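Participant: I'd like to ask you about the structure that follows.
The values are calculated or read from the model by the stated rules, or taken from the named source; none is laboratory data. Note that the structure is predicted; figures quoted are calculated from it, not measured. Heads up, the Cβs are rebuilt from the backbone with ideal geometry, glycines too, and the neighbour counts pull from every protein chain shown.
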Amino acid sequence: MGRGPGNPVSACAEGPPRAWGFTPTGCWRRRAAGPEKSLRATSPGNRVSRYSHGVDSPRLPDEDLRRYDRNIRIAGFGAEGQARLRASRVLVVGLGGLGCPAALYLAAAGVGTLGLADPDRVELSNLQRQVLHREASLGLPKTRSAAEALRALCSALRIEEHPIEVTAANAAAILSGYDAVVEATDRFEAKFLLNDACVALGTPLATAGILALSGHALFVVPGRTACLRCAVPEVVRGEPTTAQRGVLGAVPGILGSLLALEVLCHLVGLGPAGAGGRLHSLDGERLRLTTTKIAPRRGCPCGAAKE
Ligand SMILES: [Zn+2]
């Protein structure tokens, strides 16, 4: 994903590496990313998750129990978590370097319904990093190309194609009905638009940006955590894009996977990953991943800050 046309100015000297299309501002409490608790294999359905999606008594088909065996064995996941994923609806906006791995891992994990939104068609220069698309898909709408790849992975997956640009006029209609949104576009305006739409709808948002060998990812739970505007109050024009500075495909591969991981943890109720409000910053040049808690910003329209 490219950086948008703007890059907000950081007021923080110790912020993460610049690579979102912006250097986020705010109060940083930096620490190395790492497991916050150990996970161990356990029996299915052994714990109650913190979030409720209306699944009371999960009864999964035998095929699902076999297919998702490695999910179900994760502590705190269980058959209940798998049933929640099956009942969940996630929208991926942008089927490029970030959106492809995010959609792939969401589908592979067993999310029941994926919405796919992108107005573009597959081009040759996409294949270097947009891993759902194939040479045979050149010229096809990205939504169709991605849908075919995801159906080949999981025939039971329900896919809703939106081969159009998400705009202020149609955002509410497209986003409504989804349990979470993955923002994986290459335009700053789209990132803010989706942030604002998700805040208005109360829909959790996973958002990221990349450039060259670095990137950021943030998960937003509206009303509870910092939103994108808390981290980046304004767009600053004139920053470089991936079309200018390039991007190595493994970088959006990592960041897109982080987006999927945040969404999956949130849907299942595994924490604290899915609780949101933490910025993951990848410095691919030094192979360093840092995670930073972002405080909601006073005055931000999202209203998450306690005034
Ligand atoms: Zn905010």
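Participant: What residue, of Leu282, Leu248, is away from the ligand (no atom under 16 Å from the Cβ), surrounded by 23 or more Cβ atoms within 10 Å (Cβ to Cβ) and not hydroxyl-bearing (Ser, Thr, Tyr)? Break it down into steps so the answer makes sense when it comes.
Facilitator: Working: Leu248 fails: surrounded by 23 or more Cβ atoms within 10 Å (Cβ to Cβ).
One residue alone meets the criteria, Leu282.
Participant: So in segment 119-150, with the set limited to residues that are β-branched (Val, Ile, Thr) and not in a helix (DSSP H, G or I), which one is nearest to Gly256 (Cα to Cα)?
Facilitator: Step one: of segment 119-150, the residues β-branched (Val, Ile, Thr) are 122, 131, 143.
So of that shortlist, the ones also not in a helix (DSSP H, G or I) come out as 122, 131.
On the way: Val122: 18, Val131: 11 Å.
That would be Val131.
Participant: Okay, moving on. Please tell me if Thr225 is within 14 Å of Ala103 (Cα to Cα), part of a loop (DSSP other than H, G, I, E, B) and either away from the ligand (no atom under 16 Å from the Cβ) or touching a Gly at 6+ places or on another chain (Cβ under 9 Å) (or both). Step through it out loud before you land on a result.
Facilitator: Working: within 14 Å of Ala103 (Cα to Cα): no; part of a loop (DSSP other than H, G, I, E, B): yes; either away from the ligand (no atom under 16 Å from the Cβ) or touching a Gly at 6+ places or on another chain (Cβ under 9 Å) (or both): yes.
Spelling it out, it is not the case that Thr225 is within 14 Å of Ala103 (Cα to Cα), part of a loop (DSSP other than H, G, I, E, B) and either away from the ligand (no atom under 16 Å from the Cβ) or touching a Gly at 6+ places or on another chain (Cβ under 9 Å) (or both).
Participant: Which condition from (1) within 16 Å of the ligand (Cβ to nearest atom); (2) over 20 Å from Arg229 (Cα atoms) is the one that Leu261 breaks?
Facilitator: So the condition that Leu261 fails would be (1).
Participant: Within segment 292-304, restricting attention to residues that are aliphatic (A, V, I, L, M) and under 18 Å from Phe192 (Cβ atoms), which residue is nearest to the ligand (Cβ to nearest atom)? Lay out the reasoning, then the answer.
Facilitator: Restricting attention to segment 292-304, the residues satisfying the condition of being aliphatic (A, V, I, L, M) are 294-295, 304.
In the following step, the residues that additionally are under 18 Å from Phe192 (Cβ atoms) were identified as 294, 304.
Details: Ile294: 9, Ala304: 5 Å.
Here the answer is Ala304.
Participant: I've got another one for you. Does segment 172-186 include one or more residues that are within 16 Å of the ligand (Cβ to nearest atom) and either in a loop (DSSP other than H, G, I, E, B) or touching a residue at least 24 places away in the same chain (Cβ under 8 Å) (or both)?
Facilitator: Filtering segment 172-186 down to residues within 16 Å of the ligand (Cβ to nearest atom) leaves 181, 183.
Filter once more, keeping what is either in a loop (DSSP other than H, G, I, E, B) or touching a residue at least 24 places away in the same chain (Cβ under 8 Å) (or both): 181, 183.
Among the residues of segment 172-186, at least one is within 16 Å of the ligand (Cβ to nearest atom) and either in a loop (DSSP other than H, G, I, E, B) or touching a residue at least 24 places away in the same chain (Cβ under 8 Å) (or both), which makes the answer yes.
Participant: How about segment 162-205: which of its residues are at pLDDT below 95 and acidic (Asp, Glu)?
Facilitator: Within segment 162-205, Asp186, Glu189 qualify.
Participant: Going by the conditions given, is Gly274 away from the ligand (no atom under 16 Å from the Cβ), among the small types (Gly, Ala, Ser), over 17 Å from the mean Cα position of the chain (by Cα) and at pLDDT below 95?
Facilitator: Working: away from the ligand (no atom under 16 Å from the Cβ): yes; among the small types (Gly, Ala, Ser): yes; over 17 Å from the mean Cα position of the chain (by Cα): no; at pLDDT below 95: yes.
Spelling it out, it is not the case that Gly274 is away from the ligand (no atom under 16 Å from the Cβ), among the small types (Gly, Ala, Ser), over 17 Å from the mean Cα position of the chain (by Cα) and at pLDDT below 95.
Participant: Mind listing whichever residues of segment 89-106 are surrounded by fewer than 24 Cβ atoms within 10 Å (Cβ to Cβ) and either under 11 Å from the mean Cα position of the chain (by Cα) or of a type in the set (Gly, Ala, Ser) (or both)? Talk me through it step by step, then tell me what you get.
Facilitator: Going through segment 89-106, the residues surrounded by fewer than 24 Cβ atoms within 10 Å (Cβ to Cβ) turn out to be 89, 104-105.
Result: Tyr105, single match.
Participant: Could you tell me whether segment 256-270 includes any residue that is farther than 22 Å from Leu95 by Cα, touching a residue at least 40 places away in the same chain (Cβ under 8 Å) and outside any helix (DSSP H, G or I)?
Facilitator: Looking only at segment 256-270, we keep the residues that are farther than 22 Å from Leu95 by Cα, and these are 268-270.
Next, from what is left, pick out any that are touching a residue at least 40 places away in the same chain (Cβ under 8 Å): 268-270.
When the remaining residues are screened for being outside any helix (DSSP H, G or I), the result is 269-270.
Yes - at least one qualifying residue is present in segment 256-270.
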